[in-house]
Amino acid sequence: MNQPVTEITRPLVHFTPAKNWINDPNGLVYFDGEYHLFYQYNPQGDTWGHMSWGHAVSRDLVQWTHLPVALSEASDHMIYSGSAVVDWNNTSGFGQNGQPPLVAIYTAHYTNQPLQKQHIAYSSDKGRTWTAYAGNPVLDIGEADFRDPKVFWHESSGRWIMVVSLSVRKQLSMYASRDLKNWLHLSDFGPVGCVDGIWECPDLFPLSVDQNGGLEKWVLLLNINPGHPAGGSGCQYFVGHFDGTRFVSESDKVLWVDHGPDFYAAVSWSDIPANDGRRIILGWMNNWIYAGKTPTSPWRGMMSIPRVASLKKTSHGYRLIQTPVAELLPYRSVDEY
């Protein structure tokens, strides 16, 4: 929930910034009792531009505390989308006094040349302040459209995996690293599925089937703009297998995470404790067709409610099931359901 407000267009349970423009959720990570929500943010106005990472934290995914901008645009690049992880084993060497650092992995969109490169930054104070790695970029392949890295720890291979988009090629690339600084190319995925628009903001994670803790599949979220059946931007997904090197989809059929027009750049939280076990996803509740025209002030843009993802086996194959997080139940009115 946001701070008490008087604006009649301000939602009560969908996250909004106090002011200015917001789009993609970024760096979703849980650490020390807090859900971190970073997001694409314009600190200077209510239209897209000056991309930086805004920041908020919550203990229940409903009540949010706004924090200062975490990653600000630099003189030669804006801060595009990416992810964040807890480096529990201090593989990066950024940890201090035996405490694991938070590490953000994001796209630097260069403004003086047509290049997008992957950078990292780290925090030793629970995400309140960030230091850009002096050795940036950590991944540069000389491409103008190479963005939105999602990074996670792959336990069985003992290394970090990055899924990153070559957006205009409609292709994803997989990379591996032992230290979050040096990355080795593993494989590529696509083009496949819906290729009517650019590919952005991928995510890859395991889910058990029918929540029975037995059979496990991997789910690949892939956001696309345009190409959604409702028009404009949306999020498709694939169900398959990931062996630590390559993702293989079990079907080329186009499956959509949400059939409405307002769910884009959807990604999931990392590092949610094992005793919780939920895979929680969040999307930008907007559409690039009209995002810059929504009549709200002094803010523009909002997030979806957090959703718990699960897999169900059906006669048509495996399907993604989503339910609102249980933390929202106390805010529901019995008369409305």
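The values are calculated or read from the model by the stated rules, or taken from the named source; none is laboratory data. Keep in mind it's a predicted model, so treat the numbers as computed, not measured. A quick note on method: Cβ atoms are made from the backbone with ideal geometry, for glycine too, and the neighbour counts reach across all protein chains shown. Heavy atoms of the whole protein, side chains included, go into the accessibility calculation; ligands, DNA and RNA do not. Shrake-Rupley method; radii C 1.70, N 1.55, O 1.52, S 1.80 Å.
Some observations on this one:
- Considering Trp48, Trp64, Trp53, the condition of being more than 16 Å from the chain's Cα centre (by Cα), closer than 22 Å to Ile305 by Cβ and of a type in the set (Phe, Trp, Tyr) is satisfied by Trp64 alone.
- Pairs where the first residue, in segment 311-331, is within 20 Å of Glu250 (Cβ to Cβ) and β-branched (Val, Ile, Thr) and the second is assigned to a strand (DSSP E or B) and open to solvent by 90 Å² or more (accessible area, probe 1.4 Å), C-beta under 6 Å, 6+ apart: Ile321/Lys312
- The one condition in (1) surrounded by 16 or more Cβ atoms within 10 Å (Cβ to Cβ); (2) among the acidic types (Asp, Glu); (3) more than 20 Å from Val151 (Cα to Cα) that Asp60 fails to fulfil: (1)
- Residues within segment 85-130 that are hydrophobic (A, V, I, L, M, F, W, C) and part of a strand (DSSP E or B), tallied: 9
- Check on Ala121, open to solvent by 40 Å² or more (accessible area, probe 1.4 Å) and aliphatic (A, V, I, L, M): no
- Selection from segment 140-159 of residues that are within 19 Å of the chain's Cα centre (by Cα) and either more than 14 Å from Ser173 (Cβ to Cβ) or of a type in the set (A, V, I, L, M) (or both): Val151, Phe152, Trp153, His154
- Boolean, Thr91 is open to solvent by 50 Å² or more (accessible area, probe 1.4 Å) and either in contact with a strand residue (DSSP E or B) (Cβ under 9 Å, 6 or more places away or on another chain) or under 28 Å from Arg178 (Cβ atoms) (or both): no
- Members of segment 151-204 found to be among the hydroxyl-bearing types (Ser, Thr, Tyr) and touching a Lys or Arg at 6+ places or on another chain (Cβ under 8 Å), listed by number: Ser165, Ser167, Ser177, Ser187
- Elements of type strands (runs of 3 or more DSSP E) in segment 131-241, at least 2 residues being among the charged types (D, E, K, R), without any contact (Cβ under 8 Å) to a residue 40 or more places away in the chain and surrounded by fewer than 23 Cβ atoms within 10 Å (Cβ to Cβ): none
Quick grid of which residues meet (1) buried (at least 18 other Cβ atoms within 10 Å of the Cβ); (2) in a loop (DSSP other than H, G, I, E, B):
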site	(1), (2)
Phe15	yes, yes
Asn23	yes, no
Asn26	yes, no
Val29	yes, no
His36	yes, no
Tyr41	yes, no
Gly45	no, yes
Ala70	yes, no
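- Residue count for segment 242-259, restricted to those that are open to solvent by 30 Å² or more (accessible area, probe 1.4 Å), in a strand (DSSP E or B) and touching a residue at least 40 places away in the same chain (Cβ under 8 Å): 0
- Within segment 260-318, considering residues that are part of a strand (DSSP E or B) and more than 18 Å from the chain's Cα centre (by Cα), the one surrounded by the most Cβ atoms within 10 Å (Cβ to Cβ): Arg300
Matching residues to (1) among the polar types (S, T, N, Q); (2) free of Cβ contacts under 8 Å to residues at least 12 places away in the same chain; (3) out of contact with any Phe, Trp or Tyr (no Cβ under 8 Å at 6 or more places or on another chain):
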{"residue": "Val29", "(1), (2), (3)": "no, no, no"}
{"residue": "Gln44", "(1), (2), (3)": "yes, no, yes"}
{"residue": "Trp53", "(1), (2), (3)": "no, no, no"}
{"residue": "Ala56", "(1), (2), (3)": "no, no, no"}
{"residue": "Leu61", "(1), (2), (3)": "no, no, no"}
{"residue": "Pro68", "(1), (2), (3)": "no, no, yes"}
{"residue": "Ser81", "(1), (2), (3)": "yes, no, no"}
{"residue": "Ala84", "(1), (2), (3)": "no, no, no"}
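- Residue list for segment 148-191, filter: touching a strand residue (DSSP E or B) at 6+ places or on another chain (Cβ under 8 Å) and polar (S, T, N, Q): Ser157, Ser165, Ser167, Gln171, Ser173, Ser177, Ser187
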